[in-house]
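Colleague: Structure below; questions to follow.
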Amino acid sequence: MALSVDQCDALLNILDLQSVRNFTLEALCNDIHKKFEARDFFKVGTCIVMLLQNNLLPEPEQRLVAFTLLYELYRGEPLANTPFASVFIHLLHPPEHQSNVGAPKLEYPGQLPRLFPQEKHFLTQLMSDVSKDSFMKKTAVQVINADPPQHSPTDFSMIQLLLAEKQSELPQTCKTGIPVIVSLPEKGSNSYTTDAGSDDALIKKLATGDDAPMNKVYKPEFVTLAPPLLNCQDELVWLNPTTPKEHYPVYDSSMCVPDIAGYEARQLMNKAYKSALSIPQQQQLLTELENDSKLVYHIGLTPSKLPDLVENNPLIAIEVLLKLMQSKQITEYFSVLVNMEMSLHSMEVVNRLTTTVDLPTEFVHLYISNCISTCETIKDRYMQNRLVRLVCVFLQSLIRNKIINVQELFIEVQAFCIEFSRIREAAALFRLLKQLESGELGLVSSPPLPKT
Amino acid sequence: MADKAEKDQEKPPEIVSDQEKDLAQNALAEFKKKNYAACLQCINKLENRSNDLRVAHNKAVAEFFKSDCKKTEQFQKNLTAICNQFLVRAEKLDDVEHSIIQFNQAVILYHQKQYTAAQRIMDRVCKFIEPMEESLAKQVSLLAIELQLCFREPEKALTLINYLENNLMYGGSIPLKSFDKAGKEKKVQLPPPKPLSEEFEKKLLRYKLRCYIINHSLNTAFKEVQVLMKDKSNIDALFLAANIEYLKGNVRESMKILSSIPNDALRFSDCGESSTIMFYNNMGVIHHAIGKPNLACHYFQMALKEDINLCQSNSKKGNEEKPLHMLGGSRYHELMYNLGISLLHAHKPVQAFDCLIVAVRRYHRNSRLWMRIAECCIMVHKESNEVDFEKQKNLIVDIVGTKDKQKVILTTNLSSDKKYSSESQSYAVPVPSLEFASLCLRNALLLVPPSSDSASTPDPLFLIPGVTPPAPPPPPSASPSNPLDGREVTQLRNAILIAAAYVSLCLGDYVIALEHAQEVLDGESASDVHRLLAHLYAAEALILMDKITDAIEHLNPENIKSLSFDLPSTLDKSEKVQLRTNPPPKWFPNNLTSAHVVMQYNMAVAKTIRGQLDQASAILKQIWQQRSSVCRVPSHIVMLFIYIELQLGLIDFQVINFFLLTGHTDVAKNLIRQYSVQQQRLTS
């Protein structure tokens, strides 16, 4: 983002004292357009400003050309929009110092040279709307030596205002940079002994290269502390023996060992899925289950077969489920039970279960909801009445046995009672609910059953 | 459909000829005697039972054992083939008879360290634990327990242990809670407990101890371990006891116990694990805890060498040749994790980064590990905060020209925290850069475990029968480390946010930086150090956002009253023994005054930016007076002095010239002295 050495040379050639003295301003401007492309204009401008700031253009003619070139770079555009507008304003109105400590401000970082009246006049003309032909055809020397014209104050306050507005939009941090190049004349050195050659070298050092000092600024810098390492407990892995040898494949020792008891039980179960068993058959099955606590797992019952069993042999289903209460599969059986088609038998099974063991509340609630919705959707009027009566009796039993907490289902059950109020049992259930509500039965006030 | 049809058709009544029965008996007997060849012969004679799942299964098992348990891959293939043939599917397992083959598959997966896959199978298999005969039930339970320990789920493991104990002692047939609802409380008659064998009881105790250790229930663990310690030759007990002592902070005792373990107590080729590796590793862990990370690294490297040695010497012959129990024996990833953390603490962030990147491939759901990787990146970027406090700093980059044209080129920045890069390189390249750190921290933040009180969602009660819902991915955990408790999670979250704020600030993303810093300040609790940093980062971000007034509030030294690394102590209700395993924290600035100086300095910067140069310069003078051997001041202070003086136009260039050009040894000091003189002159 800086000039190349060749470009720098080209610029310095244009600004060279010889060329400045010999060519007209117009010729020099054309030269710039010939040697630089529009995309490099900003770099050229930056370099010119740097030269001005650091007093590296000692002769007034050179400065004059520098101003002209700086203006020329962005000639077509409104002055306030060009990047170097503030430079012109600063040159015309050097900030005068409201110094905080009373002493006059002598220098400030990036200070621009103070101008002679002729220079100021020239600059004013350059910036105002008047025709520039009068001086562009002249050389810089001619311009300077021309008679100082009568003072014609020009008002740039519009531009100043625009610039100030632009500035105020910038965050403070953007406005704090100072150039990193600081003039530091050596002690006791004689002035004006420098030769141009060493100046060129100096300028090239400042203005060229990838990180040219002219592009850099120093801004007040924060101290940003890096965070400490997280300090925590028991982070590293401590290794303890895990005895991987513990876990080995196992041999199935039941290979070719016919399971006689299981076989007979299974045969009975197979019948039980299809039709009701006779009393002796039931007895036999139940006794066998009683005798061998693990047999229940070997009778071939799976959750998907449960509905058939419930429909055909509710008594067996109840016993089997009670035996499976400890099994990890019991939730799956429950889930089947709750979702199966509602019937007298399924209700009987659920009723027996509720009075014998603790069923999960969600399960009971889900079952009741299912019952109610079945009653509501069934088409056959006769069946509907039958089912409603059943559900009502079932619910009464649940309530009286304190198996459900009515309050949790109150609205649903009440709506159900009202919908079927033509049926005697529903009316009875409704009365029971009302009694509960009024506290007559003292059931409502009692806390819901503790789930032991 | 096919399996449906098969199910409806009742299995043929088991017609087993007497001859077949005898063959099976013989096969079993030979298997028990470990005559696998003879066993196989018997099984092969049962070939006309080609439709018998158990025959096919046992044949595969016997073949596997005949190969000295080395042909694991073949075994696995055989089992899969049998499952396909007999339509056994884990997700629809509803027959006890299929549980053995499934269990065997889970065993293999466990040894291959595919714990999630193993767990999925075991979830189903465990449902049939009641019908299983006792020895199988034991095997199944133990694997289930071990898997829970692999997942660092001590509560679940303890539930399983309890269940197993009950099941074994009471036969599992007694409903745990059963009473007659009619009111008659049916007293459950527990049969007299069946005593477990002493050996098995010890085995269970070992599992329990591992749970307690993961849980950090140190008191219980300490009591229980004494039972095992009665047997002085119990290697497991010694390791566990050393672990407990280490957690309690008794490092000497811990080292003593470790050293008492004979060198080759557990040989890798016999046990599938090596006590030597454990010893080196655990010694490393102890040294890390007492703040000797370099020594710790040494131990970890020894352990790694041993691990690579053992595992590679065996893998040369190909995976097929390794017996099952050695498959998962390598502790490479855990060791790399430990080594990485220790290297980081030993200020070797680049090496640490390489180790942790290896570890994270396995433990990619570990929030803290991602955070550690980010810390490596940060440390590579800025080794220590002390660089900002060094006496000597190059204020001047170059001096060009001579005589009256002499130009001094000042530095643009003294510290190199900020790195606003416009390179289009992807952030995701795993190199220790700030860009990569920002990705790591994003991962870390997403993976912070939920605080301990919010329990994980319970399994849904009602399932579609016979179909297991797809297992959810394992929850974020601290694996391979033990789980974090609530306070540690808070600390971790704060640390991640702070690191993320720092990285964002350095990368120029100050809006995000402010968000993170503010989140720490708004959080329920944060350590003093984290609050200090949050204030500093918030202030810097706010200034960059041109909200200087807000920023100055953050920089008030009153905001920070002490400099502790711990969360403000709450009334700890738990009577848990305090863990003492953290290395002593190290950080610069290490005292409150230094920390305040940094706040003040940044305050001076804020004022300078706002144009209040005289106030800023007063603050700088105040800081300068505070400096001492205890309280070091940032080296930026000199540069800010120069800046302010340049802005005020007061600088005496000749004086600076003198000091800057000659005083390279002690530029700052002389310069400042000069300034003080100048200031006095001006104020008087």
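Colleague: For residues that are open to solvent by less than 40 Å² (accessible area, probe 1.4 Å) and within 10 Å of chain A (Cβ to nearest Cβ), tally how many sit in the stretch B:147-165.
Modeller: 3
Colleague: In the stretch B:190-219, which residues are farther than 24 Å from B:A137 by Cβ and out of contact with any Leu (no Cβ under 9 Å at 6 or more places or on another chain)?
Modeller: Within the stretch B:190-219, B:S217, B:N219 meet the criteria.
Colleague: May I ask you to list the residues in the stretch B:130-146 that are in contact (Cβ under 8 Å) with a residue 40 or more places away in the chain and either of a type in the set (D, E, K, R) or at the interface with chain A (Cβ under 8 Å from one of its Cβ atoms) (or both)?
Modeller: Correct list: B:E130, B:K138, B:L142, B:L143, B:E146.
Colleague: Of the residues that make up the stretch B:298-315, is at least one over 26 Å from B:D236 (Cα atoms) and modelled with pLDDT of 95 or more?
Modeller: Here is the first cut: in the stretch B:298-315, the ones over 26 Å from B:D236 (Cα atoms) are B:315.
Now narrow it down to the ones that are modelled with pLDDT of 95 or more: none.
Checking the stretch B:298-315: not a single residue is over 26 Å from B:D236 (Cα atoms) and modelled with pLDDT of 95 or more.
Colleague: I want to confirm something. Restricting to the stretch A:377-401 and keeping residues that are in contact (Cβ under 8 Å) with a residue 24 or more places away in the chain and of a type in the set (A, V, I, L, M), which single residue is farthest from the other protein chains (Cβ to nearest Cβ)?
Modeller: A:V388
Colleague: A further question follows. Restricting the search to the stretch B:34-48, which residues are open to solvent by 60 Å² or more (accessible area, probe 1.4 Å), more than 19 Å from B:D18 (Cα to Cα) and within 12 Å of another protein chain (Cβ to nearest Cβ)?
Modeller: B:K34
Residue by residue, here is whether (1) open to solvent by 40 Å² or more (accessible area, probe 1.4 Å); (2) more than 10 Å from every other protein chain (Cβ to nearest Cβ); (3) in a loop (DSSP other than H, G, I, E, B) holds:
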position: A:Q281; (1), (2), (3): yes, yes, no
position: A:S293; (1), (2), (3): yes, no, yes
position: A:G300; (1), (2), (3): no, no, yes
position: A:L309; (1), (2), (3): no, yes, no
position: A:Q326; (1), (2), (3): yes, no, yes
position: A:V336; (1), (2), (3): no, no, no
position: A:V349; (1), (2), (3): no, yes, no
position: A:V364; (1), (2), (3): no, yes, no
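Colleague: Considering only the stretch B:586-625, state which residues are over 21 Å from B:E386 (Cβ atoms), touching a Leu at 6+ places or on another chain (Cβ under 7 Å) and either among the small types (G, A, S) or surrounded by fewer than 16 Cβ atoms within 10 Å (Cβ to Cβ) (or both).
Modeller: B:A606
Colleague: Might you check whether a residue that is within 8 Å of another protein chain (Cβ to nearest Cβ), touching a Gly at 6+ places or on another chain (Cβ under 7 Å) and either open to solvent by less than 60 Å² (accessible area, probe 1.4 Å) or in a loop (DSSP other than H, G, I, E, B) (or both) occurs anywhere in the stretch A:241-259?
Modeller: Taking the stretch A:241-259 and keeping what is within 8 Å of another protein chain (Cβ to nearest Cβ), we get A:241-259.
Of the ones still in play, those that are also touching a Gly at 6+ places or on another chain (Cβ under 7 Å) are A:244-245.
When the remaining residues are screened for being either open to solvent by less than 60 Å² (accessible area, probe 1.4 Å) or in a loop (DSSP other than H, G, I, E, B) (or both), the result is A:244.
Scanning the stretch A:241-259, I find at least one residue that is within 8 Å of another protein chain (Cβ to nearest Cβ), touching a Gly at 6+ places or on another chain (Cβ under 7 Å) and either open to solvent by less than 60 Å² (accessible area, probe 1.4 Å) or in a loop (DSSP other than H, G, I, E, B) (or both), so the answer is yes.
Colleague: In addition: Helices (runs of 4 or more DSSP H) wholly in the stretch B:213-329 with at least 1 residues that are among the charged types (D, E, K, R) and open to solvent by less than 10 Å² (accessible area, probe 1.4 Å) - which ones? Reasoning before the result, please.
Modeller: Numbers: elements: B:218-229, B:235-248, B:251-259, B:268-271, B:275-289, B:293-315, B:324-327.
Where helices (runs of 4 or more DSSP H) fall fully within the stretch B:213-329 and carry at least 1 residues being among the charged types (D, E, K, R) and open to solvent by less than 10 Å² (accessible area, probe 1.4 Å), they are B:293-315.
Colleague: So which residues in the stretch B:539-557 are more than 18 Å from A:E221 (Cα to Cα) and either open to solvent by less than 30 Å² (accessible area, probe 1.4 Å) or under 36 Å from the mean Cα position of the chain (by Cα) (or both), if there are any at all?
Modeller: Listed by number, the list holds a single entry, B:P557.
Colleague: Only one of B:K59, B:K66 is open to solvent by 50 Å² or more (accessible area, probe 1.4 Å), at pLDDT 90 or above and under 20 Å from B:L136 (Cα atoms). Can you tell me which?
Modeller: None of the other options fit; the residue is B:K59.
Colleague: Would you say B:I409 is open to solvent by less than 20 Å² (accessible area, probe 1.4 Å) and in contact (Cβ under 8 Å) with a residue 24 or more places away in the chain?
Modeller: Working: open to solvent by less than 20 Å² (accessible area, probe 1.4 Å): yes; in contact (Cβ under 8 Å) with a residue 24 or more places away in the chain: no.
Judged against the criteria, B:I409 is not a match.
Colleague: So in the stretch A:209-220, with the set limited to residues that are open to solvent by 20 Å² or more (accessible area, probe 1.4 Å) and either in contact with an Asp or Glu (Cβ under 9 Å, 6 or more places away or on another chain) or modelled with pLDDT under 85 (or both), which one is farthest from the other protein chains (Cβ to nearest Cβ)?
Modeller: Per the criteria, the residue is A:D210.
Colleague: Sticking with this structure for a sec: List the residue pairs whose Cβ atoms are under 7 Å apart, where the first residue sits in the stretch B:49-62 and is more than 7 Å from chain A (Cβ to nearest Cβ), the second is open to solvent by 10 Å² or more (accessible area, probe 1.4 Å) and of a type in the set (S, T, N, Q), and the two are 6 or more positions apart or on different chains.
Modeller: Pairs that qualify, where the first residue is more than 7 Å from chain A (Cβ to nearest Cβ) and the partner is open to solvent by 10 Å² or more (accessible area, probe 1.4 Å) and of a type in the set (S, T, N, Q), are B:A60/B:N78.
Colleague: For the stretch B:6-24, enumerate the residues that are under 50 Å from the mean Cα position of the chain (by Cα) and either surrounded by fewer than 16 Cβ atoms within 10 Å (Cβ to Cβ) or at pLDDT below 85 (or both).
Modeller: Residues satisfying the conditions are B:E6, B:K7.
Colleague: Given the options B:N281, B:N250, B:N234, name the one that is within 9 Å of another protein chain (Cβ to nearest Cβ) and at negative phi.
Modeller: Numbers: B:N250 fails: within 9 Å of another protein chain (Cβ to nearest Cβ); B:N234 fails: within 9 Å of another protein chain (Cβ to nearest Cβ).
The match here is B:N281.
Colleague: If you scan the stretch B:21-51, which residues turn out to be assigned to a loop (DSSP other than H, G, I, E, B) and either farther than 14 Å from A:V257 by Cβ or aliphatic (A, V, I, L, M) (or both)? Break it down stepwise before answering.
Modeller: Our first condition is that a residue be assigned to a loop (DSSP other than H, G, I, E, B); within the stretch B:21-51, this holds for B:33-35, B:45-51.
Within the stretch B:21-51, B:K33, B:K34, B:N35, B:K45, B:L46, B:E47, B:N48, B:S50, B:N51 qualify.
Colleague: When the residues of the stretch A:261-279 are filtered to those that are farther than 17 Å from A:S304 by Cα and part of a helix (DSSP H, G or I), which remaining residue is modelled with the lowest pLDDT? Please lay out each step first, then the result.
Modeller: Narrowing the stretch A:261-279 to residues farther than 17 Å from A:S304 by Cα: A:261-265, A:267-268, A:276-279.
Filter once more, keeping what is part of a helix (DSSP H, G or I): A:261-265, A:267-268, A:279.
Details: A:A261: 65, A:G262: 71, A:Y263: 75, A:E264: 78, A:A265: 81, A:Q267: 82, A:L268: 84, A:I279: 87.
If we take residues in the stretch A:261-279 being farther than 17 Å from A:S304 by Cα and part of a helix (DSSP H, G or I), then A:A261 is modelled with the lowest pLDDT.
Colleague: B:R372 versus (1) touching a Gly at 6+ places or on another chain (Cβ under 9 Å); (2) within 11 Å of chain A (Cβ to nearest Cβ); (3) farther than 21 Å from B:Q491 by Cα: which is the lone unmet condition?
Modeller: So B:R372 meets the others, but not (3).
Colleague: Let me ask something additional. How many residues are in contact with a helix residue (DSSP H, G or I) (Cβ under 9 Å, 6 or more places away or on another chain), more than 11 Å from chain A (Cβ to nearest Cβ) and modelled with pLDDT of 80 or more if we restrict to the stretch B:83-101?
Modeller: Matching residues across the stretch B:83-101 total 3.
The values are calculated or read from the model by the stated rules, or taken from the named source; none is laboratory data. These numbers were taken from a predicted model, which means no experiment stands behind them. Note that each Cβ is placed from the backbone with ideal geometry, even for glycine, and that neighbours are counted across all protein chains shown. Accessible surface is based on the protein model in full, side chains and every heavy atom, while ligands, DNA and RNA are left aside. Shrake-Rupley method; radii C 1.70, N 1.55, O 1.52, S 1.80 Å.
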